[in-house]
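So the structure is just underneath, and the comments pick up after that.
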Amino acid sequence: MAHNETSRRLTWLVLGILWGAYLVVMYRTGALQRCYQTSPYFYFTGAAGVLLVLLSAKAALAILRRPASACTCEACHGAHEAPAVVHWSWWADAKAHLVLGLVLMPLMVGVLVPSRGLNALAALRRGGASDPQDILDTFRAERRKFVEMEGQYKKLTLLEVLDHVYAHGDTPVSTLGFVTAVDRTRGDLFQVTRFKMTCCAADAVPISLHVRWADASRLQRDTWVRVHGTARRETLDGRRTVVITAEGPVQEIAAPASPYM
């Protein structure tokens, strides 16, 4: 029984080392920041991974270095001449394997499935936010004190575009996001989106704006684009929203290192 208990403990400690190593690798490669968490939370996750590796390795080494204890009782005389075979009940054995599988499965998925940020499908499932007044009110309390310029255009995130249009009216802007929908009926209108993340991908909220461009039908969903144009409030399908009228071609770009706002 003691031998079996030691094996089980070592199995869980090895699993702890693997989980810790996975978190450290995700942190070192930038996948945590790029796909799952925002600053400063990914620092805590990376530190937790290091701590998990160190504690699990220390405990495993302590078990491996522990001298085997010899049983001297008369009842066990001769019982250790051959390795003992422990017969668990089928239910106890099934529960142990089930719990181990539940802990191991997300680790295997994380290793085998490439990390990627939230995309157009996630934005559509969570509902596009063309006029997120509650999010905008929170954002205004912490917005930047200066605005970067890109030529004659203000270099803004989609949420900053909303803020400037609401506060100042028509605004020349340069912004980027990924395409979530193309209006095939109009032919010159598409929707661009970025996620506003507070803590992690689980609480990310999509911020979407419409862009008017003559060649909108050429764009593919999930393509990252940079738009230069004038943002203004318009009425589309009976709803007041913000529309950017592109001035010049919409540029297809690679996904940024930090896709979230």
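The values are calculated or read from the model by the stated rules, or taken from the named source; none is laboratory data. All of these numbers come straight from a predicted model, not from anything done at the bench. Cβ sites come from the backbone with ideal geometry, for glycine too, and all protein chains shown count toward neighbours.
Odds and ends about this structure:
- Count - residues of the stretch 1-48 that are under 22 Å from Pro114 (Cα atoms) and not in a helix (DSSP H, G or I): 4
- Some residue of the stretch 172-183 being loosely packed, with under 15 Cβ neighbours inside 10 Å and under 27 Å from Arg28 (Cα atoms): no
- Boolean, Asp163 is of a type in the set (Asp, Glu), in the same structural domain as Thr235 (by TED's automatic domain parsing) and modelled with pLDDT of 90 or more: no
Yes/no matrix, rows are residues, columns are (1) closer than 20 Å to Arg240 by Cα; (2) in contact with a strand residue (DSSP E or B) (Cβ under 8 Å, 6 or more places away or on another chain); (3) not assigned by TED's automatic domain parsing to the domain that holds Val243:
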| position | (1), (2), (3) |
| --- | --- |
| Ser174 | no, yes, no |
| Arg184 | no, no, no |
| Phe195 | no, yes, no |
| Ala201 | no, yes, no |
| Val211 | yes, yes, no |
| Asp215 | no, no, no |
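- Entry remark, the stretch 174-204: residues being modelled with pLDDT of 85 or more, in a strand (DSSP E or B) and either out of contact with any His (no Cβ under 7 Å at 6 or more places or on another chain) or of a type in the set (S, T, N, Q) (or both) number 16 in total.
Every residue, every condition in (1) at pLDDT 70 or above; (2) in the same structural domain as Glu234 (by TED's automatic domain parsing); (3) acidic (Asp, Glu), yes or no:
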position: Trp88; (1), (2), (3): no, no, no
position: Trp91; (1), (2), (3): no, no, no
position: Ala94; (1), (2), (3): yes, no, no
position: Val103; (1), (2), (3): yes, no, no
position: Leu107; (1), (2), (3): yes, no, no
position: Leu158; (1), (2), (3): yes, yes, no
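- Search result, residues across the stretch 230-246 that are in contact (Cβ under 8 Å) with a residue 60 or more places away in the chain and surrounded by 13 or more Cβ atoms within 10 Å (Cβ to Cβ): Thr230, Ala231, Arg232, Arg233, Thr241, Val242, Ile244
- Yes/no for Val225 being in contact with a strand residue (DSSP E or B) (Cβ under 9 Å, 6 or more places away or on another chain), closer than 23 Å to Gln33 by Cβ and of a type in the set (A, V, I, L, M, F, W, C): yes
- You will find that of Arg233, Arg240, Arg226, the residue that is in contact with a Leu (Cβ under 6 Å, 6 or more places away or on another chain), part of a strand (DSSP E or B), in the same structural domain as Thr157 (by TED's automatic domain parsing) and of a type outside the set (A, V, I, L, M) is Arg226 and no other.
- Every pair of residues 6+ apart whose Cβ atoms lie under 7 Å, when the first sits in the stretch 18-40 and is without any contact (Cβ under 8 Å) to a residue 24 or more places away in the chain while the second is in a helix (DSSP H, G or I) and among the small types (Gly, Ala, Ser): Tyr27/Gly46; Tyr27/Gly49; Leu32/Gly46
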